[in-house]
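J.: First the structure, then my questions, so here it is.
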Amino acid sequence: RLRKWQSRLRVSDAAERNLAFALSELDRIASQLKLPRHVEEEAARLYREAVRKGLIRGRSIESVIAACVYAACRLLKVPRTLDEIADISRVDKKEIGRSFRFIARNLNLTPKKLFVKPTDYVNKFADELGLSEKVRRRAVKILDEAYEKGLTSGKSPAGLVAAALYIAGLLEDEKRTQREVAEVARVTEVTVRNRYKELVDKLNLKIPV
Amino acid sequence: MVDMSNVKLRIENIVASVDLFTQLNLERVIEICPNSKYNPEEFPGIICRFEEPKVALLIFSSGKLVVTGAKSVEDIERAVNKLIQMLKKIGAKFQRAPQIDIQNMVFSGDIGMEFNLDAVALSLPNCEYEPEQFPGVIYRVKEPRAVILLFSSGKIVCSGAKSEHDAWEAVRKLLRELEKYGLIEEEEEW
DNA sequence: GCTTTAAAAAGTAAATT
DNA sequence: AATTTACTTTTCAAAGC
């Protein structure tokens, strides 16, 4: 009986140590990404729920924490790319992506709840690029038209927003280079160029020379 | 009734496990396999490629095999018989016919209609869609067990089915769900 | 869990030219 | 900037770590 009691103590010890480690890792990521407090709290809530449902089994605490951070950002519409999180996490983005899809499935995080409007990405990237409200509105208009014409399905949202901002910048005389928009969106210049070409072609946009 | 007349499916790959019921000395097997690789440190089996029929075989010392890359069940049978003839030359004895189990079939196909995957992901239960990571919607069918990747072009990939019939059945279930949630007839109204 | 093998879909990426 | 090669996703068995 004493042994059982001791092993139970050890188990709860381990559980507490794991939780403490997880929360410190969450703190580290949240502060480096400058995440709002409510996002960090949501990530912590998701993590505790994942632990309660035994979703950590077979996965590293770090990948699950990173996944919870990404999920919290998506749920609360605070745009952060998976790349940004993977940059400061010890686990690669492939592993974080797996954990993210796994907890999303098991915590009932539906595509609807996780959907982040392109507008939110527009504001985030535009902030980093120092673009005006006028350019943002133009980019959103381009994205809306692209969606209506079926040009966005299966495409990287970040790539689409990057191209829309690039075009809007040209149209509103606040040009940013493809390299600059690609960098903030975490996609390559080739992707920006491909999306740019398709949007200009299919939406009949007249780019000033 | 779900209209399947415009749906196409094409076999792209078949994976089968095979039991030859004979222990094999892999060191001797390598010598008679032309394009083969054997590094016990990284993988316990011999990796052997046939050009005709075009398949890849994983040969294990237990006498069990994994045959991949086949486009038909007949290709697998031909490959297994070809390997058996080769093994007989190095003295392997075969008391009974090999047991071949189809484990996985992969199909590419077309539903014949374009899709707004955002709309599909919003209404279709139990599906995954993360365009930042992969351009298709991932849909899992429980019975028969299979997974279908649906792209905006209407092209699909069905994997995990154990027969062509099961693959068609899985696709039929996906179409039934798409229809149920009003995602089928939306041609213009995105 | 991982290792190896095959195959398609469509998007993105990286290395060459 | 065009080509080529390669990786993302899914499935599955084999024997062993």
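The values are calculated or read from the model by the stated rules, or taken from the named source; none is laboratory data. In this text, all values refer to a predicted model and were calculated from it rather than measured experimentally. Positions of Cβ are backbone-derived with ideal geometry, glycine not excepted, and every protein chain shown enters the neighbour counts. In case anyone asks, the SASA skips ligands and DNA or RNA and just uses the protein heavy atoms, side chains included. Shrake-Rupley method; radii C 1.70, N 1.55, O 1.52, S 1.80 Å.
J.: Could you identify the single residue in A:LYS112, A:LYS134, A:LYS141 that is over 18 Å from A:ILE167 (Cα atoms) and assigned to a helix (DSSP H, G or I)? So that I can check it myself, show each step before the final result.
T.: Details: A:LYS134 fails: over 18 Å from A:ILE167 (Cα atoms); A:LYS141 fails: over 18 Å from A:ILE167 (Cα atoms).
From the options A:LYS112, A:LYS134, A:LYS141, the qualifying one is A:LYS112.
J.: Oh, and also: Among the residues of the stretch B:49-65, is there at least one that is at pLDDT below 95, closer than 24 Å to B:VAL106 by Cα, out of contact with any strand residue (DSSP E or B) (no Cβ under 8 Å at 6 or more places or on another chain) and within 15 Å of DNA strand C (Cβ to nearest atom)?
T.: Scanning the stretch B:49-65 turns up at least one residue that is at pLDDT below 95, closer than 24 Å to B:VAL106 by Cα, out of contact with any strand residue (DSSP E or B) (no Cβ under 8 Å at 6 or more places or on another chain) and within 15 Å of DNA strand C (Cβ to nearest atom).
J.: When both residues are 6+ apart or on different chains and their Cβ atoms are under 8 Å apart, which pairs have a first residue that lies in the stretch A:140-162 and is more than 18 Å from B:PRO135 (Cβ to Cβ), and a second that is open to solvent by 10 Å² or more (accessible area, probe 1.4 Å)?
T.: The qualifying pairs are A:VAL140/A:PRO118; A:VAL140/A:THR119; A:ILE142/A:LEU203; A:ILE142/A:LEU205; A:GLU145/A:LEU203; A:GLU148/B:TRP190.
J.: Do any residues in the stretch B:130-145 that are on the phi > 0 side of the Ramachandran plot have Cβ atoms under 9 Å from those of residues that are open to solvent by less than 50 Å² (accessible area, probe 1.4 Å), where the two are at least six apart or on different chains, and which pairs are they?
T.: Qualifying pairs under 9 Å: none.
J.: Hey, another quick one. Are there any pairs, at least 6 apart or on different chains, whose C-beta atoms fall under 9 Å, with the first in the stretch B:74-96 and over 16 Å from B:LYS64 (Cα atoms) and the second open to solvent by 30 Å² or more (accessible area, probe 1.4 Å) and in a helix (DSSP H, G or I), and if so, which?
T.: These pairs meet every condition: B:LYS89/B:ILE32; B:ILE90/B:ARG28; B:ILE90/B:GLU31; B:ILE90/B:ILE32; B:GLY91/B:ARG28.
J.: Out of the residues in the stretch B:145-158 that are open to solvent by 10 Å² or more (accessible area, probe 1.4 Å) and closer than 14 Å to B:LYS173 by Cα, which is farthest from the other protein chains (Cβ to nearest Cβ)? Walk me through how you get there before you give the answer.
T.: Filtering the stretch B:145-158 down to residues open to solvent by 10 Å² or more (accessible area, probe 1.4 Å) leaves B:145, B:147, B:149, B:151-153, B:155, B:157.
Subset that is closer than 14 Å to B:LYS173 by Cα: B:145, B:147, B:149.
Numbers: B:ARG145: 16, B:VAL147: 13, B:LEU149: 11 Å.
Ranking the qualifying residues of the stretch B:145-158, first place goes to B:ARG145.
J.: Hey, another quick one. When B:PHE107 is evaluated against the numbered criteria (1) open to solvent by less than 20 Å² (accessible area, probe 1.4 Å); (2) near DNA strand D (Cβ under 9 Å from one of its atoms); (3) under 23 Å from B:ALA170 (Cβ atoms), which criterion, by number, is the only one it fails?
T.: Against the list (1) open to solvent by less than 20 Å² (accessible area, probe 1.4 Å); (2) near DNA strand D (Cβ under 9 Å from one of its atoms); (3) under 23 Å from B:ALA170 (Cβ atoms), B:PHE107 comes up short only on (2).
J.: Can you tell which of B:SER152, B:SER163 is among the small types (Gly, Ala, Ser), more than 30 Å from A:LYS117 (Cα to Cα) and touching a residue at least 12 places away in the same chain (Cβ under 8 Å)? Working first, answer last.
T.: Values: B:SER152 fails: more than 30 Å from A:LYS117 (Cα to Cα).
Going through B:SER152, B:SER163 in turn, the sole match is B:SER163.
J.: Please work out if B:VAL55 is within 11 Å of DNA strand D (Cβ to nearest atom) and free of Cβ contacts under 8 Å to residues at least 60 places away in the same chain. If you could, list the steps in order and put the result at the bottom.
T.: Numbers: within 11 Å of DNA strand D (Cβ to nearest atom): no; free of Cβ contacts under 8 Å to residues at least 60 places away in the same chain: yes.
Taking the combined requirement at face value, the residue does not satisfy it.
J.: I'm trying to understand the selection: among the residues of the stretch A:75-97, which are in a loop (DSSP other than H, G, I, E, B) and away from chain B (no Cβ under 12 Å)? Let's see the steps before the verdict.
T.: Filtering the stretch A:75-97 for residues in a loop (DSSP other than H, G, I, E, B) gives A:76-81, A:89-92.
Within the stretch A:75-97, A:LEU76, A:LYS77, A:VAL78, A:SER89, A:ARG90, A:VAL91, A:ASP92 meet the criteria.
J.: Scan B:GLN103, B:GLN99, B:GLN95 and give me the residue that is more than 12 Å from chain A (Cβ to nearest Cβ) and closer than 28 Å to A:LYS94 by Cα. It would help to see each step written out before you state the result.
T.: Numbers: B:GLN99 fails: closer than 28 Å to A:LYS94 by Cα; B:GLN95 fails: closer than 28 Å to A:LYS94 by Cα.
Of B:GLN103, B:GLN99, B:GLN95, the one residue that is more than 12 Å from chain A (Cβ to nearest Cβ) and closer than 28 Å to A:LYS94 by Cα is B:GLN103.
J.: Now for a separate question. Which ones in the stretch A:162-183 are surrounded by fewer than 20 Cβ atoms within 10 Å (Cβ to Cβ), away from DNA strand D (no atom under 16 Å from the Cβ) and of a type in the set (A, V, I, L, M)?
T.: A:LEU171
J.: Could I ask something else about it? Considering only residues that are under 11 Å from A:ARG59 (Cβ atoms) and crowded, with 18+ Cβ neighbours inside 10 Å, look in the stretch A:86-99 and name the one that is nearest to DNA strand C (Cβ to nearest atom). Walk me through how you get there before you give the answer.
T.: First, the residues of the stretch A:86-99 that are under 11 Å from A:ARG59 (Cβ atoms): A:91, A:95-96, A:98-99.
Those still in the list that are crowded, with 18+ Cβ neighbours inside 10 Å too: A:91, A:95-96, A:99.
Numbers: A:VAL91: 12, A:GLU95: 8, A:ILE96: 13, A:SER99: 11 Å.
Top of the filtered list is A:GLU95.
J.: Can you tell me which residue among B:GLU114, B:GLU185, B:GLU177 is acidic (Asp, Glu), more than 14 Å from chain A (Cβ to nearest Cβ) and surrounded by fewer than 17 Cβ atoms within 10 Å (Cβ to Cβ)?
T.: Numbers: B:GLU114 fails: more than 14 Å from chain A (Cβ to nearest Cβ); B:GLU177 fails: surrounded by fewer than 17 Cβ atoms within 10 Å (Cβ to Cβ).
Of the residues listed, the single one that is acidic (Asp, Glu), more than 14 Å from chain A (Cβ to nearest Cβ) and surrounded by fewer than 17 Cβ atoms within 10 Å (Cβ to Cβ) is B:GLU185.
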